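The values are calculated or read from the model by the stated rules, or taken from the named source; none is laboratory data. Remember, predicted model here, so these are calculated numbers, not experimental data. No Cβ is skipped: glycine too gets one built from the backbone with ideal geometry, and neighbour counts run over all protein chains shown.
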Amino acid sequence: MTTMVPLFDVTLRGLLSRRRTILLVLLAGLPVLIALLIRVAGGRPDADRILDTLVVRTVMPLVALVIGTASIGSEIEDGTAVYLMVKPIARWRIAVSKIVVAAGLTALLVVPAVVLTGVLLGSRNDTATTIVGFSVACLVGGTAYTAAFVALSVFTSRALLLGLAYVLIWEGVLAGLLEGTKFLSIRQATLGLAAAFGIKVPGDPLAPTISVIVLGTVLVGAVVLASWRLARFEVRGGD
Amino acid sequence: MTASPMPPSDQPPVASPSGTAAAAPNGTAPAAAIAPALEVDHVSRWYGNVVAVNDISFGLGPGVTGLLGPNGAGKSTLLHLMAGLLQPSAGRVLVEGASAWRRPAMYRHIGLVPEREAVHPYLTGREFARLNARLQGVADPDAAAGRAIATVDLTDAADRPIGTYSKGMRQRAKLAGALVHDPTILLLDEPFNGMDPRQRLHMMTLLRSMAADGRTILFSSHILEEVERLADSVLVVYAGRLAASGDFRSIRRLMTDRPHTFTVRSSDDRRLAAALMADPAVFGVELADGRVAIRTADYDGFTRALARIAKAGGVTLYEVRPTDDSLESVFSYLVRR
C-alpha cells in the first residue's frame, strides 16, 4: 500500500488540472442546476426521472469517461508515463492506483450531484430511498465505468472517442434495441442495481444479482486487462 | 587497451577498453572476463517492415560510453530496449545478468533520462525528484531528492514548477529524478539537449565523477564534440546497425583501408620528407605551409619509426600531430562506408 501512495498522489494531481476540473464540476453540476431551475419554476418534483435520464444515462458515464481516460491515458500521450514505467513497481499496482483514484474522483463528483438533485426535487415515492438507491448504484456503476475507461486508455490512444461511442451508440441506441446486449451495458447494470432498492426505472433493467455480477466482472476484468497490458507496455524511442 | 583485427566490411570494428566487456558483433566471447553490467546480445527490433535496430551486440561495464549516430539511426530505440521499455524482436538484453524486459525489479539499478521533454509540469523540481524517490521506495525521499537536486545544480530553482523551467533546467530535473536511488547504471538519451555551455560542462564533470565511482553510464548524442569530450568509448550506430564500438582512436587505427595522416614541424622539413619516403610504412609525403604532411597505412609502425628516422637524418622534431583521428573523422568515415 505504501508504494501506491505516491501513485495516488501523482494521479490525483495530474487529474486536477484547472480546465479539466472546471469542465467536470460543470458537468456534474448540470443535474443540480436543472433541479434548481425546475424547483424555481414550480415544476413537478420527480427526482427519479432526472437521476435516471440525466445522471445515470449521461453525466455519470461522461464524467467517468473524462476522468478514466485521463488518469493514465494523458500520461501515456504526453510521455510522462515513462517515469512510472521505469520504477520497481508491479504493474498491477499502477493499474489499481489509477482506477482507485479515478473512481474515487468520479464518485466524489457524481454522488453529491445525486444527493443534491434528490434533495432539491424529492421523489413521488420515498425520497430517501431514491437518494440512497441512486447513490449506491452510481457509486458502483461509476466505478465500473471508470475502470473500463482506464483499461481502454491503456490499450488505445483513441479511448475517449471509443468510450464516447460506447456510451452514446452502444448503450444509448443498440442496448435499447437488442435485448441480448443488455449484459454488455454498464448502464443497464447500474439501473438494475438502483431497481434493487425499489426504485422504479423505465424499461426492463437487469436483475440485481446479474447487475452485481456484470459490474463486478467489468471491474475485475478492467484491473486484470490494464495490468496485463501495462506489463507488456512499450515506450517507443524517438528514432 | 585491446583491439580486434580489422573485420570484414560487413562487420564493425570493435575495440575493447580495458575493464569493459565488449562482445564482438557475431557472438564471439567477450574480450574481458568481467561480466558486463549491461549486455545486448544479437538484438533486433522492427516495427512492421521497418527495422529500427538490426542484430546489435555489445556489453557495457563501468565507465562512460557514448552512443553516437545521426538522427534516425536507432539510438533511442536501442536505449529503450536496454531500459526494458521495448521488447526485442530478436535477441536479448541483460541487465546485471537477467532479462531487461518485463522485470520491474531491475529499475532499482537503473536510472533513465528519456529524450522526450515531458515532465509533470505541475510539480516543482524538488517534488518531481521526491516523487521518483518515493516510487523507488527510497528510505528518506526528502533527503534523497535534496541530494539529487544539489548534484544537478538545481537548488535555486527547485521549488518552481517544472512548467516554468528552461529546456536545460528540465533536463537537469530529469537527471535528478534518475539519480535519487543512486543507480549503478545510467541511461541518458540526449542528456545535453538545451543546456548552455556552463550546464553542459557541469553535467560532463558530474557524469565523469559518477563513472569514476564505478557506475555504468551510456549516453546518446548526435553531437560529436560531446561524445569526444566525455566518453571513454563509443558505440557508433548507423541505419540500425552497430558500425563500431570501443575507443574511437582504436577504431580509427583499425581502419587500415584508409591511410592515417600526420603533420610534422621540424628543423629541416625537406630532409625529413626525403628520409621518410624511404620508409616502407610511408606512402605519401607533402611539403606545405611550413609542415610535412605524411600519409601512412601503419599507424604504430610509423609512430615508432619517425623519431628514429629524424634522429638518423639529424632533424629535430618540433611537433607531430595526427590529423584524422578525431571522432568526427572516424564517424564520417563509418557513416559513409
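Out of the stretch B:94-122, which residues are more than 7 Å from chain A (Cβ to nearest Cβ), under 20 Å from B:Ala176 (Cα atoms) and of a type in the set (D, E, K, R)? B:Glu117, the sole residue that qualifies.
Can you tell me which residues in the stretch A:171-209 are surrounded by fewer than 16 Cβ atoms within 10 Å (Cβ to Cβ) and either modelled with pLDDT of 90 or more or of a type outside the set (A, V, I, L, M, F, W, C) (or both)? Answer for the stretch A:171-209, where residues must be surrounded by fewer than 16 Cβ atoms within 10 Å (Cβ to Cβ) and either modelled with pLDDT of 90 or more or of a type outside the set (A, V, I, L, M, F, W, C) (or both): A:Gly176, A:Glu179, A:Gly180, A:Thr181, A:Gly198, A:Lys200, A:Pro202, A:Gly203, A:Asp204, A:Ala207, A:Pro208, A:Thr209.
Taking the numbered list (1) within 14 Å of another protein chain (Cβ to nearest Cβ); (2) surrounded by fewer than 18 Cβ atoms within 10 Å (Cβ to Cβ); (3) modelled with pLDDT of 95 or more; (4) in contact with a Leu (Cβ under 9 Å, 6 or more places away or on another chain) in turn, A:Leu16 passes all entries but (3). Those helices (runs of 4 or more DSSP H) of the stretch B:249-337 in which at least 1 residues are in contact (Cβ under 8 Å) with a residue 60 or more places away in the chain, considering only elements entirely within it, cover B:327-336.
The test for being touching a His at 6+ places or on another chain (Cβ under 8 Å) and either over 30 Å from B:Ala73 (Cα atoms) or in a loop (DSSP other than H, G, I, E, B) (or both) does not hold for B:Pro191. The sole residue among B:Arg241, B:Arg249 that is over 20 Å from B:His80 (Cβ atoms), assigned by TED's automatic domain parsing to the domain that holds B:Glu96 and not polar (S, T, N, Q) is B:Arg249. The single condition among (1) of a type in the set (Phe, Trp, Tyr); (2) without any contact (Cβ under 8 Å) to a residue 60 or more places away in the chain; (3) within 15 Å of A:Ala226 (Cα to Cα) that A:Tyr83 does not meet is (3). Going by what's in this entry, would B:Ala176 be described as in contact (Cβ under 8 Å) with a residue 24 or more places away in the chain and more than 11 Å from chain A (Cβ to nearest Cβ)? So B:Ala176 passes the test. On the stretch given as the stretch B:146-169, residues that are in a helix (DSSP H, G or I) and within 12 Å of chain A (Cβ to nearest Cβ) total 2. Scanning the stretch B:147-163 for residues that are exposed (fewer than 13 other Cβ atoms within 10 Å of the Cβ) and modelled with pLDDT of 95 or more gives B:Ala150, B:Asp156, B:Asp159. Based on this model, can you work out whether B:Gly194 counts as surrounded by fewer than 24 Cβ atoms within 10 Å (Cβ to Cβ), touching a helix residue (DSSP H, G or I) at 6+ places or on another chain (Cβ under 8 Å) and on the phi > 0 side of the Ramachandran plot? Yes, satisfied. Within the stretch A:201-239, being β-branched (Val, Ile, Thr) and within 14 Å of chain B (Cβ to nearest Cβ) holds for one residue alone: A:Val235. Selection of the stretch A:19-53 for residues being within 30 Å of A:Gly79 (Cβ to Cβ) and either free of Cβ contacts under 8 Å to residues at least 60 places away in the same chain or surrounded by 15 or more Cβ atoms within 10 Å (Cβ to Cβ) (or both) yields A:Arg19, A:Arg20, A:Thr21, A:Ile22, A:Leu23, A:Leu24, A:Leu26, A:Leu27, A:Ala28. On the stretch given as the stretch A:220-239, residues that are in contact with a Ser or Thr (Cβ under 8 Å, 6 or more places away or on another chain) and either more than 30 Å from A:Glu77 (Cβ to Cβ) or crowded, with 19+ Cβ neighbours inside 10 Å (or both) total 2. State yes or no: is B:Gly137 farther than 21 Å from B:Asn193 by Cα and away from chain A (no Cβ under 11 Å)? When the stated conditions are applied, B:Gly137 does not pass them.
Going residue by residue through the stretch A:49-71, is there one that turns out to be in a helix (DSSP H, G or I) and within 14 Å of chain B (Cβ to nearest Cβ)? Taking every residue of the stretch A:49-71 in turn, at least one turns out to be in a helix (DSSP H, G or I) and within 14 Å of chain B (Cβ to nearest Cβ). Of all residues in the stretch B:173-209, those being among the charged types (D, E, K, R) and in contact with a Gly (Cβ under 8 Å, 6 or more places away or on another chain) number 2. When you check B:Pro5 against the structure, is it modelled with pLDDT under 90, surrounded by fewer than 16 Cβ atoms within 10 Å (Cβ to Cβ), touching a helix residue (DSSP H, G or I) at 6+ places or on another chain (Cβ under 8 Å) and closer than 30 Å to B:Ile162 by Cα, yes or no? Considered against the rule, which asks whether it is modelled with pLDDT under 90, surrounded by fewer than 16 Cβ atoms within 10 Å (Cβ to Cβ), touching a helix residue (DSSP H, G or I) at 6+ places or on another chain (Cβ under 8 Å) and closer than 30 Å to B:Ile162 by Cα, B:Pro5 comes out as no. Of the residues making up the stretch B:77-123, those that are among the hydrophobic types (A, V, I, L, M, F, W, C) and part of a helix (DSSP H, G or I) are B:Leu78, B:Leu79, B:Leu81, B:Met82, B:Ala105, B:Met106. Of the residues screened, A:Ala144 is not one that is free of Cβ contacts under 8 Å to residues at least 24 places away in the same chain and part of a helix (DSSP H, G or I).
Restricting attention to the stretch B:284-337, the residues being surrounded by 12 or more Cβ atoms within 10 Å (Cβ to Cβ) and acidic (Asp, Glu) number 5.
Restricting attention to the stretch A:72-82, which residues are more than 7 Å from every other protein chain (Cβ to nearest Cβ), assigned to a helix (DSSP H, G or I) and under 25 Å from B:Leu188 (Cβ atoms)? Within the stretch A:72-82, A:Glu75, A:Ile76, A:Glu77 meet the criteria. Among the conditions (1) under 18 Å from B:Arg45 (Cβ atoms); (2) more than 13 Å from chain A (Cβ to nearest Cβ); (3) crowded, with 20+ Cβ neighbours inside 10 Å, the only one that B:Thr65 does not satisfy is (1). In the condition set (1) part of a loop (DSSP other than H, G, I, E, B); (2) away from chain A (no Cβ under 13 Å); (3) of a type outside the set (A, V, I, L, M), B:Ser44 is compliant with all but (1).
Yes/no matrix, rows are residues, columns are (1) buried (at least 20 other Cβ atoms within 10 Å of the Cβ); (2) farther than 30 Å from B:Leu179 by Cα; (3) of a type in the set (Ser, Thr, Tyr):
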{"residue": "B:Met203", "(1), (2), (3)": "yes, no, no"}
{"residue": "B:Ile217", "(1), (2), (3)": "yes, no, no"}
{"residue": "B:Arg229", "(1), (2), (3)": "no, no, no"}
{"residue": "B:Phe248", "(1), (2), (3)": "yes, no, no"}
{"residue": "B:Arg252", "(1), (2), (3)": "yes, yes, no"}
{"residue": "B:Ser267", "(1), (2), (3)": "no, yes, yes"}
{"residue": "B:Leu276", "(1), (2), (3)": "yes, yes, no"}
